[in-house]
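Right, one structure below, let's go through it.
The values are calculated or read from the model by the stated rules, or taken from the named source; none is laboratory data. Note that this is a predicted model, so its numbers are computed, not measured. In this analysis, Cβ positions are derived from the backbone assuming ideal geometry, glycine residues included, and neighbour counts consider all displayed protein chains.
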Amino acid sequence: MSDAIGSGSNTRKTQILILDDEPIVCKRLKPAFQKAGYEVETFIDSATAMARIEEKRFDVVITDLKMQGIDGMKLLDRVKEIAPSTGVIVITGFATPETAKESFHKGAFDFVAKPFKLSDILDVVRKLEARNKAGAA
Amino acid sequence: MRLPFFNFKPKRSNSPRELESVRSLFLKFQRIQKLNTKMLELMAEMERALGGEYIFDRAFLESSVRDLSGLTYQVVYSLNAMSHNAYVDLYDRFQSIKGTLEDILHGGLGPFAASLALPFSSLGWEMEPLAGVLGVCLSAARDQLDILAPDGFVITVTGCRGFFEANGLDEKLKACGPSEVERLFREAAIPTELYEAVDRELKALLSRRGDSIRLTVRACAAGGYGAAQPEIAGLANVEPKGVHAACKSALAEYAAKAAAGEIVEGTLAVVAVHETIAAHVAGVAEVQARPGFPMGLFDIAAAPVGDPEKAEHFLLRRAYPFDLVESEVLPKAVDKPLYPGVKPLSRGPSCLYRGSALLGPRFLHAIAQCSVAFERALGYPQDLYWVRGDSDRPVIVDVRPAKLLVEESPEEAGADEGSSSFEILASGGETVQTGVSAGRVVHATDDNIENFPYGAVAVSHLAAPRFSPVLRRASALVTEVGTAVGHLATIARELRIPAIFGVKGALEKLPEGVEVTVDAGERKVLKGIAEPLLASQPHDAELHVGDPEYITLRRLLRWIMPLQLVNADASDFSLENCRTYHDIIHFAHERSVEELLHIQDAGRGLASLYARKLELDAPIELYVLDLGGGARTAGDGAIPLEDVTSEPFLPFARGLTLKSAWSEGPVAISIKDIFSSIDRTFGTTPGQNEFAGRSHAIIAKNYMNVGLRLGYHFTVVDSYLGSNLNQNYIYFRFVGGFADERRRRRRVEFIRSILEEMHFKVTLTGDLAVAKLKIVEKEEMVEMLTRLGELTGFTRQLDVSMTSEEAIERFTKLFRERSASRGAHSDGKERSRGL
């Protein structure tokens, strides 16, 4: 799927769901990923994001950890239940070795501490795509 | 300040606890150094977040403030522990700044919240919620963007609220009809405190601009940078004595519009009062969507003042070089002046007739450049209201978010596809401030710092602080050397100038005159003007000036980053003047160094018990007290020089052993004679203890404090040398001598001339020379310490030889030649230090 990036080809674009209850994170990540050639949906409310996951299959889910209501760990659990091949990237401002370990244990692809560079998160998504591509080959 | 060795009372100690107390003092000093480093790293991270490269959230702001506050507290605690609580009041300063930061995090307006009126010069971008967009923009134009704008002041949200509340205007407005609003405000009384605040700012403005000026008074909404501002006709040409009444009238108009629903409910008002610019032509530069032009066009309307019917229009491209696409010029009589001194048949600089258009190409370009500068600073296109006065540059009188841009998603804009056809001239380095800008390349040099062409892309070798003025005019900055942490990087972020530092070979790859587009976020410089890329900016993932997190971060940094206490020798270098966390840690650093200078007071007694003689190939008896990591060998015996591991002490001791210092002494007496006289002089001094003739060095891995007595003069060299250049320093003190006062003075003059050549900051008081060198790279520190060692040997009893004023120059030359002969000269090196 990464072959669609920036190439303008007609192949299906990588679908990304971003969930962060801080609007500024969604506001900035969305155009950055769109500019890089991805199709992006953003959510600041975890319940709505969860509902969307139930109805649409995403290639990548980028989620904050600490949120009101359904937190990132629960969302990670659910994504892995219904779509094991979906890569989940956890982003958090409260990174601890414990939460990182738990995320990986639950099947997260990567764990990124905030603040992070735009280029860093783009790199993580590209790595995830490369892994999926290698797995599919 | 006490001087080591001036206390001649015998100070013997047999208690190992005293050794521990010296160690403890040094450990606290080291702790301050480490805390300082950690804080600077955290502060740099916060500042870099401002540059747009990082994604961060509120939690980051909260945790950063929490961490910084914790570290600052520890710095204050450690300094007090070092100094027997000599700086207890620093806790109050810390608490005050911490309170301010917490208030900002909780949405408060900060310490200026109580201000009723503030001059434009005191406003920053982060003060918009208190002062409104207009005042902040006019202030930025004058102080940051090198754009002409009127001087003035604002009546803040607090001032205006006070006026409304004192008169119960909110309630009365609900009860009265639109026709009664003006009367209601006219009859309302301005609270005394507000009246006096306005009076104070008005007087200050008149004293700056002259009593004869007329004023413009405008009420505006403090509604955020992106919010649409209602068209509020201000009152122009108001006499100074009528300002108070004009403020009420402007607020009445604002209230009427609010009542009519033209202003978002609950939006607070501010009043801007500024000089009315005498103008011949006025107009607005708007952004207009136009098919075929991805960025849209500038529509610059211009009309003679007082005759808006005769407006002319000029359509310019929005990308450099702002080509004129279309114009609509009205016919005029050739013999009538367009405005004083200018007729259609006036000849221009190229001897061509000027033409009948109200504005010429240069003036149009100047307006376009102002518009681009505001767009860059605010993050999205702006409509500029300008006037043409006597100057040949536009004066900006209002700035409003552009309304007419067609919203388009980045996918539709196809920015990437559009820019991929442009050749990449240079890439790499480190993003300092994200953003895209285009322009003609001009190499920034010492010769064009002050007259750098407006709107050009600056390319330089170094990210040197002296290039700061260039950033007020450049549209982007690319340097070959430099990192995202540093003074110039701070300025680039403050002005939101797209900047990439560390692009190898940039000067060669980007020759002067070439038109380029700098995409700082992508760390690329493209050949040509990449309009699709420039057009994509409003949709970019950038952090915008109006984003609440940006405003909060900027407001927090205002109380964290600026370093106002720069000069430790200045009279205002006091704890009362610590206004930011940076001030506190710098103050604590300087004072901790001072505390450490006294380490020899305690060390003298200890040296007799714990110091070990240094094996030095020089006629000097030097005893070393190692606090840890300063020497390889342990035990009671003498320490060979090669076993010294103290980073600052090793080069200094090596300098002491240089034959250039000792073997060809300028004094016409032998070394033996000198040192026999040293023993004699100290041995015969009443009250001297048996160790008085010795010199001591207290050392650690990265530290040394050396007290040298040579003859009747005393030298103290205190230095820290580590991997962080910001913490490196050398303090050098020299006092005393055998000869008469004149000769001693000549010797310190000689020392000054040498140390100034070495870029020390030197102050002389009688025969006391105090010199400081700070923020120095490790390599240079080593060289400087070596030369200091050499100088220390060279100057022994030099005062005796200082028989005339001419001797100062002679010995300076001699020392310089000897240093040069061992290849020690490092003149002409690029240095960056903050003395």
Review point. Looking only at the range B:61-74, which residues are charged (D, E, K, R) and away from every other protein chain (no Cβ under 11 Å)?
Key: B:ARG66, B:ASP67
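Could you look through the range A:95-107, keep only residues that are assigned to a loop (DSSP other than H, G, I, E, B) and either in contact with a helix residue (DSSP H, G or I) (Cβ under 6 Å, 6 or more places away or on another chain) or charged (D, E, K, R) (or both), and pick out the one that is farthest from the other protein chains (Cβ to nearest Cβ)?
So the first thing to find is which residues in the range A:95-107 are assigned to a loop (DSSP other than H, G, I, E, B), and the list is A:95-96, A:106-107.
Those left that are additionally either in contact with a helix residue (DSSP H, G or I) (Cβ under 6 Å, 6 or more places away or on another chain) or charged (D, E, K, R) (or both): A:106-107.
Details: A:LYS106: 22, A:GLY107: 23 Å.
Top of the filtered list is A:GLY107.
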Exercise for review: Those residues that are hydroxyl-bearing (Ser, Thr, Tyr) and under 30 Å from B:ALA535 (Cα atoms), I need them from the range B:306-361; list them, please.
Suggested key: B:TYR320, B:SER327
Check your understanding: In the range B:474-483, what count of residues is obtained for those that are closer than 27 Å to B:VAL566 by Cα and buried (at least 24 other Cβ atoms within 10 Å of the Cβ)?
Key -> 3
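For (1) of a type in the set (Gly, Ala, Ser); (2) within 12 Å of chain B (Cβ to nearest Cβ); (3) in contact with a helix residue (DSSP H, G or I) (Cβ under 9 Å, 6 or more places away or on another chain); (4) surrounded by fewer than 19 Cβ atoms within 10 Å (Cβ to Cβ), each residue gets a yes or a no:
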| position | (1), (2), (3), (4) |
| --- | --- |
| A:LYS35 | no, yes, yes, no |
| A:ALA47 | yes, no, no, yes |
| A:ALA51 | yes, no, no, yes |
| A:ILE70 | no, no, yes, yes |
| A:MET73 | no, no, yes, yes |
| A:PRO84 | no, no, no, yes |
| A:GLY93 | yes, yes, yes, no |
| A:ASP110 | no, no, yes, no |
| A:ASP120 | no, yes, no, yes |
Exercise for review: Any chance you could count how many residues in the range B:128-165 are outside the structural domain of B:ARG186 (by TED's automatic domain parsing), in contact (Cβ under 8 Å) with a residue 24 or more places away in the chain and in a helix (DSSP H, G or I)?
Suggested key: 11
Review point. With (1) more than 14 Å from chain B (Cβ to nearest Cβ); (2) without any contact (Cβ under 8 Å) to a residue 24 or more places away in the chain; (3) in contact with a helix residue (DSSP H, G or I) (Cβ under 6 Å, 6 or more places away or on another chain) as the list, and A:PRO115 as the residue in question, which single condition is left unmet?
Key: (1)
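Regarding B:ARG58, is this residue surrounded by fewer than 22 Cβ atoms within 10 Å (Cβ to Cβ), touching a residue at least 40 places away in the same chain (Cβ under 8 Å) and within 14 Å of chain A (Cβ to nearest Cβ)? Steps first, please.
Working: surrounded by fewer than 22 Cβ atoms within 10 Å (Cβ to Cβ): yes; touching a residue at least 40 places away in the same chain (Cβ under 8 Å): yes; within 14 Å of chain A (Cβ to nearest Cβ): yes.
Judged against the criteria, B:ARG58 is a match.
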Review point. Would you say B:GLY108 is crowded, with 18+ Cβ neighbours inside 10 Å, modelled with pLDDT under 85 and more than 29 Å from B:ILE698 (Cβ to Cβ)?
Key: no
Practice item. State yes or no: is A:VAL60 more than 14 Å from chain B (Cβ to nearest Cβ) and at pLDDT 95 or above? Key: yes
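Is it the case, given these coordinates, that B:LEU25 is within 14 Å of chain A (Cβ to nearest Cβ) and of a type in the set (A, V, I, L, M)? So that I can check it myself, show each step before the final result.
Numbers: within 14 Å of chain A (Cβ to nearest Cβ): no; of a type in the set (A, V, I, L, M): yes.
When the stated conditions are applied, B:LEU25 does not pass them.
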Revision key, fill the gap. Scanning the range B:42-96 for residues that are within 23 Å of the chain's Cα centre (by Cα), farther than 30 Å from A:SER119 by Cβ and at pLDDT below 95 gives B:SER96
Study note, to complete from the structure: When every residue in the range A:16-25 that is of a type outside the set (D, E, K, R) and within 17 Å of A:LEU75 (Cα to Cα) is compared, the one farthest from the other protein chains (Cβ to nearest Cβ) is A:LEU17
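Per-residue answers, yes or no, for (1) at pLDDT 75 or above; (2) among the aromatic types (Phe, Trp, Tyr); (3) more than 27 Å from B:GLY292 (Cα to Cα):
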| position | (1), (2), (3) |
| --- | --- |
| B:LYS336 | yes, no, yes |
| B:VAL342 | yes, no, yes |
| B:HIS365 | yes, no, no |
| B:VAL372 | yes, no, no |
| B:VAL397 | yes, no, yes |
| B:LEU404 | no, no, no |
| B:ALA413 | no, no, no |
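Can you tell me which residue among A:VAL112, A:VAL88, A:VAL79 is in contact with a Ser or Thr (Cβ under 7 Å, 6 or more places away or on another chain) and outside any helix (DSSP H, G or I)?
On the way: A:VAL112 fails: in contact with a Ser or Thr (Cβ under 7 Å, 6 or more places away or on another chain); A:VAL79 fails: outside any helix (DSSP H, G or I).
Going through A:VAL112, A:VAL88, A:VAL79 in turn, just one is in contact with a Ser or Thr (Cβ under 7 Å, 6 or more places away or on another chain) and outside any helix (DSSP H, G or I): A:VAL88.
Looking at this structure, is A:ARG28 assigned to a helix (DSSP H, G or I) and at pLDDT 95 or above?
Working: assigned to a helix (DSSP H, G or I): yes; at pLDDT 95 or above: no.
No.
Answer yes or no as to whether B:SER719 is at pLDDT 80 or above, farther than 21 Å from B:VAL782 by Cα and buried (at least 20 other Cβ atoms within 10 Å of the Cβ). Step through it out loud before you land on a result.
Values: at pLDDT 80 or above: yes; farther than 21 Å from B:VAL782 by Cα: no; buried (at least 20 other Cβ atoms within 10 Å of the Cβ): yes.
In short, no.
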